[in-house]
Each structure stands twice: as structure tokens, then as C-alpha cells.
Amino acid sequence: MPLPKAELHLHIEGTLEPELAFELAARNGVTLPYATTDELRKAYDFEDLQSFLNLYYELMAVLRTEQDFADLANAYLARAAAQGVRHAEIFFDPQAHLSRGVSMGTVVEGLWRALGSWGSPRASEAERGGERNHGISTRLILCFLRDESAESALETLEAAKPYLDRITGVGLDSAEVGHPPVKFREVYEAAAALGLRRVAHAGEEGPPAYITEALDVLGVERVDHGLRCMEDPALVERLVRERIPLTLCPLSNVRLRTVDTLADHPLPAMLDAGLMCTVNSDDPAYFGGYAGDNFTAVQQTLGLPEDRLRELARNSFLASFLEDDEERRAR
Ligand code: ES4
Ligand code: ZN
């Protein structure tokens, strides 16, 4: 039995496996610039975040209908459940779809078709029962693309207003360097006023100062990645003191060359420093593994002992947006 865990850093568009990409391409009459799944897989040799993002956005062309988003989310839930995931807080990138003429409604209704009442804090116990949706409770987090304008982020939040009963929080992703958190001050203030939880990617490729800014200017409760905090001892001390969770993604860091090899990953040092770390998959179809694969990799390569793995699993529930009673039931 894999260790029960929560996944807190997962881009649903990053779960698009080559086989499903080709299936959806055929269904929607979209031509991909790759002849076979093998040829596509050969393109998964990334140099940095941007080289990955180019392919990530390119493949999204196959996602067109509600059913496409439902199929994508169902495929993810099946794989995640097999690796012990009991709860998933799922990022989605509406701007990447709105710009292709796919509406907010298509994306949210489609994802909801797969996630269903497991995604609703308001669903009754009965509605949540049974084996539906692989027994995984879920939350949706709408991400703004930081390489798009602040105005575009505000328009995106506006477009999401009819669906706020299905959206738990907002996040910030895509190309980090040159797009500091402060650029999104206004939209985060608006999101907070709407009662949305706040997270942001910071300190993946960007400097430690972006982590501080995400906390102080955007009011985030959790930092996605946050890896580069290790360059700033005062920041580490603050993150420890304030128990700010970091959603680390070890296999992603290797594939995007944020670390040289998995053996060089600072996770053990981060745990030793007292940071509240969690282990997640980011874009599992592209980076070589789902949540359980990330756990196995850090166990085997970094030699993390059992108690550290249990700490990581416990942290994932503590750092989640589940209510206390739900959290106990999930783990
Ligand atoms: C992402 Cl690894 C990563 N970093 C930033 N934005 C992203 N969107 C999808 N994956
Ligand atoms: Zn990410």
C-alpha cells in the first residue's frame, strides 16, 4: 500500500499523457506536429522552464470540449489514486484556454464533471460517498499566467465569477523571471476580497526575493516550489518560524535543470532546517512521474528514512486547504 498523501502542486494540463493527447487530437481534428507518441516523448528533453512551457502550451491545442477536460481529469485521478493520493489541489490555467477560444465554462464544467461533489466543500456526506472519482477529494486553484499582463489576470478573475463555488483559490504560474509577484498585487487583493485562498509559484527559477514578495505583497499561504529560499538564511528562518508550507517537485526540478541531479536536491537540507516541505509532481506527464513516483525517487536517491517520508505525507494534509474534520478523514 503506498503511503496516503495529498498532492498540492499539480497542473492538470501537465497530466496530459502522449496517448491521450493523440486520442483527443484525432477526436477534435487537430494535427499535432509529431507523428507518433514516441516522437512526442523525444521532445520531452527540456533545458529550462521556458523550453518546457513551449511544449506544454503547444499540446493544449487538443483540449477543446468539456469532455476533453473531464477525460483529462479522470485519467489523472486514476493514476494518482494508484499512488496513494487521497486529496488533490489542482491548478488550471484558464488564460491558456481562453486565448484559444475555449471558455471558462468549458474548462470548469469539464473538470467538474470528473471531480464532482468531491471538489465541493459544501457537498453532503452522502454525495461524497462511494467509489466515485477514485476516492480522491479535490479542490480547484485557478492560476494566472505571470507572463501575461495584470489586466489579463483581472479579466480572468472576472470571467471566473460565475464559477466561484467551484474554485477554492488562486495561484500564479508560467515564466517566473522578470515577472515578480508585485505585478499581481491588485488581482490578489480582489481574490482575497472574494474569499479565495492564495498561493503562488516563487523561487523556482526566480530569486528568493520573489518568495518574500509573494508572502508580503500577495499574502500567499503556501509557496509553490520555493526551492531557492535556501540561498537566503534569513528567509529560511522566517519560513520555518511562520510554518509556511513549500510545495516541492523534485522530478520537475531535475527535468527543468533547476538542480543538476536528484542526488543534489536540497530536500534533506530543507527538512533538516525545519522547513515545512511537501513532495508533489507538478506536470507528471512531462517530468517522469506522479506523486508516488516523486516519493519513491527521493526515498531511493536521497536516502530519506521512513520517518521523513511519513513527515512529508503528514505535511501534505496539514498544508492542504481541507477543513480539520475532512483532513482526518482523508488520511
Ligand atoms: C509549471 Cl514547472 C512550472 N513552473 C511554472 N509554471 C508552470 N506551469 C506548468 N508547470
Ligand atoms: Zn508548478
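The values are calculated or read from the model by the stated rules, or taken from the named source; none is laboratory data. Keep in mind it's a predicted model, so treat the numbers as computed, not measured. As a convention, Cβ positions derive from the backbone with ideal geometry for all residues, glycine included, and neighbour counts pool all protein chains shown.
Condition first: touching a residue at least 40 places away in the same chain (Cβ under 8 Å) and more than 15 Å from ALA285 (Cα to Cα). Now tell me which residues in region 36-48 satisfy that. First the steps, then the outcome.
Looking only at region 36-48, we keep the residues that are touching a residue at least 40 places away in the same chain (Cβ under 8 Å), and these are 44, 46-48.
GLU47, ASP48, listed by residue number.
Inspect all residues belonging to region 290-298 and state whether any of them is out of contact with any His (no Cβ under 6 Å at 6 or more places or on another chain) and of a type in the set (Ser, Thr, Tyr). Taking every residue of region 290-298 in turn, at least one turns out to be out of contact with any His (no Cβ under 6 Å at 6 or more places or on another chain) and of a type in the set (Ser, Thr, Tyr).
Go over the candidates GLY195, GLY289 one by one and state the one that is surrounded by fewer than 19 Cβ atoms within 10 Å (Cβ to Cβ), away from ligand 2 (no atom under 13 Å from the Cβ) and not in a helix (DSSP H, G or I). The match here is GLY195. So, GLU89, is that one within 14 Å of ligand 1 (Cβ to nearest atom), buried (at least 22 other Cβ atoms within 10 Å of the Cβ), modelled with pLDDT of 95 or more and of a type in the set (D, E, K, R) or not? For GLU89, the condition - within 14 Å of ligand 1 (Cβ to nearest atom), buried (at least 22 other Cβ atoms within 10 Å of the Cβ), modelled with pLDDT of 95 or more and of a type in the set (D, E, K, R) - is not met. Take the residues of region 156-192 that are within 18 Å of the chain's Cα centre (by Cα), in a loop (DSSP other than H, G, I, E, B) and within 16 Å of ligand 1 (Cβ to nearest atom): which is surrounded by the most Cβ atoms within 10 Å (Cβ to Cβ)? Applying the filter and picking the extreme gives GLU176.
Residue by residue, here is whether (1) under 18 Å from GLU13 (Cα atoms); (2) aliphatic (A, V, I, L, M); (3) not in a helix (DSSP H, G or I) holds:
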residue	(1), (2), (3)
LEU32	yes, yes, yes
LEU40	yes, yes, no
GLU47	no, no, yes
GLU58	yes, no, no
ALA61	yes, yes, no
ALA70	yes, yes, no
ASN74	yes, no, no
LEU77	yes, yes, no
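Let's see how each residue does on (1) under 20 Å from HIS201 (Cα atoms); (2) of a type outside the set (S, T, N, Q); (3) in contact with an Asp or Glu (Cβ under 7 Å, 6 or more places away or on another chain):
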position: PRO250; (1), (2), (3): yes, yes, no
position: VAL259; (1), (2), (3): yes, yes, no
position: GLY292; (1), (2), (3): no, yes, no
position: PHE295; (1), (2), (3): no, yes, no
position: GLN299; (1), (2), (3): no, no, no
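As a summary of the residue check, ALA209 satisfies the conditions (1) among the aliphatic types (A, V, I, L, M); (2) under 20 Å from the mean Cα position of the chain (by Cα); (3) closer than 23 Å to VAL259 by Cβ except for the one numbered (2).
Test each condition in (1) in a helix (DSSP H, G or I); (2) in contact with a Ser or Thr (Cβ under 9 Å, 6 or more places away or on another chain); (3) surrounded by 16 or more Cβ atoms within 10 Å (Cβ to Cβ) for PHE295 and report the one that comes out false. If we test PHE295 against (1) in a helix (DSSP H, G or I); (2) in contact with a Ser or Thr (Cβ under 9 Å, 6 or more places away or on another chain); (3) surrounded by 16 or more Cβ atoms within 10 Å (Cβ to Cβ), just (2) comes out false.
Residues in region 1-56 that are away from ligand 1 (no atom under 11 Å from the Cβ), small (Gly, Ala, Ser) and under 19 Å from the mean Cα position of the chain (by Cα) were compared, and the one that is surrounded by the fewest Cβ atoms within 10 Å (Cβ to Cβ) is SER51.
If we scan region 241-251, do we find a residue that is crowded, with 20+ Cβ neighbours inside 10 Å, assigned to a helix (DSSP H, G or I) and more than 16 Å from ligand 2 (Cβ to nearest atom)? For region 241-251, residues crowded, with 20+ Cβ neighbours inside 10 Å, assigned to a helix (DSSP H, G or I) and more than 16 Å from ligand 2 (Cβ to nearest atom): absent.
Could you check region 260-285 and list, in sequence order, the residues that are within 19 Å of the chain's Cα centre (by Cα) and part of a loop (DSSP other than H, G, I, E, B)? Scanning region 260-285 gives ASN280, SER281, ASP283. Name the residues in region 247-288 that are within 11 Å of ligand 1 (Cβ to nearest atom), within 26 Å of GLU19 (Cβ to Cβ) and not small (Gly, Ala, Ser), would you? Once the filter is applied, which keeps residues that are within 11 Å of ligand 1 (Cβ to nearest atom), within 26 Å of GLU19 (Cβ to Cβ) and not small (Gly, Ala, Ser), region 247-288 yields CYS249, LEU251, ASN253, ARG255, LEU256, ASN280, ASP282, ASP283, PRO284, TYR286, PHE287.
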